[in-house]
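Enquirer: Structure incoming, see below.
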Amino acid sequence: MRFADYADDEARWAACLERDPAADGAFFIAVRTTGIYCRPVCPARPLRKNVVFHAAGAEARAAGFRACKRCKPERLDPAVSEARA
């Protein structure tokens, strides 16, 4: 699935609450209070009011967020994988 496959932020949030595997890689969640971004399947559960959604990990990093150490969202980003190789 892709970011556009989730009609709005509420649909994205619902996918996060369900830890929907189909959403993994389709979008990323960023948490304003912690400064991290995660995969939608991450076991961390921030408050909805602190969450913003990004279509790509690079977009979240450009907005100043760092990758979550629990779910390792950068592993889904081909640009990061290529840079490390």
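What follows draws every value from the coordinates through simple rules; no lab data is involved. Just so you know, these numbers come straight off a predicted model, no measurement behind them. Please note: Cβ atoms are built from the backbone with ideal geometry, for glycine as well, and neighbour counts cover all protein chains shown.
Enquirer: Return the only residue of A14, A30 being over 12 Å from the mean Cα position of the chain (by Cα) and of a type outside the set (S, T, Y).
Expert: A14
Enquirer: Could you check segment 41-54 and list, in sequence order, the residues that are in a loop (DSSP other than H, G, I, E, B), of a type outside the set (K, R) and either exposed (fewer than 14 other Cβ atoms within 10 Å of the Cβ) or touching a Lys or Arg at 6+ places or on another chain (Cβ under 7 Å) (or both)?
Expert: V41, C42, P43, A44, L47
Enquirer: Select from segment 17-35 the residues that are hydrophobic (A, V, I, L, M, F, W, C), out of contact with any Lys or Arg (no Cβ under 8 Å at 6 or more places or on another chain) and surrounded by 14 or more Cβ atoms within 10 Å (Cβ to Cβ) and write down the one among them that is farthest from P73 (Cα to Cα).
Expert: V31
Enquirer: May I ask you to list the residues in segment 41-65 that are among the charged types (D, E, K, R), more than 11 Å from the chain's Cα centre (by Cα) and more than 19 Å from D20 (Cβ to Cβ)?
Expert: K49 - this is the single residue of segment 41-65 that is among the charged types (D, E, K, R), more than 11 Å from the chain's Cα centre (by Cα) and more than 19 Å from D20 (Cβ to Cβ).
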